[in-house]
Amino acid sequence: MPHLTIKLRDGFKDDKVVLTLDEKEIYRRTALSSDLTISFADSLELEVEQSIAQLAVAVTGRPKQSVQIEISETPFIEIWIIDNQLEIRVSKSECPML
């Protein structure tokens with residue numbers, strides 16, 4: 001079964017965050033804030049049945065963003081807030097922590 005790793009990185013400041021995968025809620029957190037010393041807020045790992053999925057990210061006060069993921073090719077996802085804009089980065093390999 002494919003494995004997906006999602007990291008919420010830098011830029012979160014007391015935010016409400018909801019993640020959905022193919023319209024099914026997989027994560028909800030209120031008052032999420034990044035640790036500025038390591039550019040990290042939270043993470044989750046999950047097994048998924050499908051090989052291609054649509055990930056949507058909703059953060060209160062910002063436009064919702066979504067990306068289609070080919071999980072076997074890009075199983076590592078990072079979500080950032082840069083200049084008050086959501087940025088979703090997909091990768092074949094896990095990016096190291098700062």
_Can you pull out every residue in the stretch 1-36 that is of a type in the set (G, A, S) and free of Cβ contacts under 8 Å to residues at least 60 places away in the same chain?_
A31, S33, S34
*If you take the residues of the stretch 62-98 that are among the charged types (D, E, K, R) and in a loop (DSSP other than H, G, I, E, B), which of them is farthest from V48 (Cα to Cα)?*
D83
*Being touching a residue at least 24 places away in the same chain (Cβ under 8 Å) and more than 20 Å from I38 (Cβ to Cβ) is the filter here, so list the residues in the stretch 69-83 that pass it.*
I69, I71, S72, P75
*When only residues in the stretch 68-88 that are more than 13 Å from the chain's Cα centre (by Cα) and of a type outside the set (S, T, Y) count, which is surrounded by the fewest Cβ atoms within 10 Å (Cβ to Cβ)?*
D83
_Condition first: farther than 19 Å from E23 by Cβ and more than 15 Å from the chain's Cα centre (by Cα). Can you find one or more residues in the stretch 40-55 that meet it?_
no
*In the stretch 25-61, what residues are among the polar types (S, T, N, Q), within 19 Å of V90 (Cβ to Cβ), outside any strand (DSSP E or B) and in contact with a Lys or Arg (Cβ under 7 Å, 6 or more places away or on another chain)?*
S39
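Every number here is computed from the coordinates shown, using simple stated rules; none is lab data. Computed from a prediction, not measured in an experiment: that's the story for all the values here. Note that we place each Cβ from the backbone using ideal geometry, even for glycine, and neighbour counts take in every protein chain shown.
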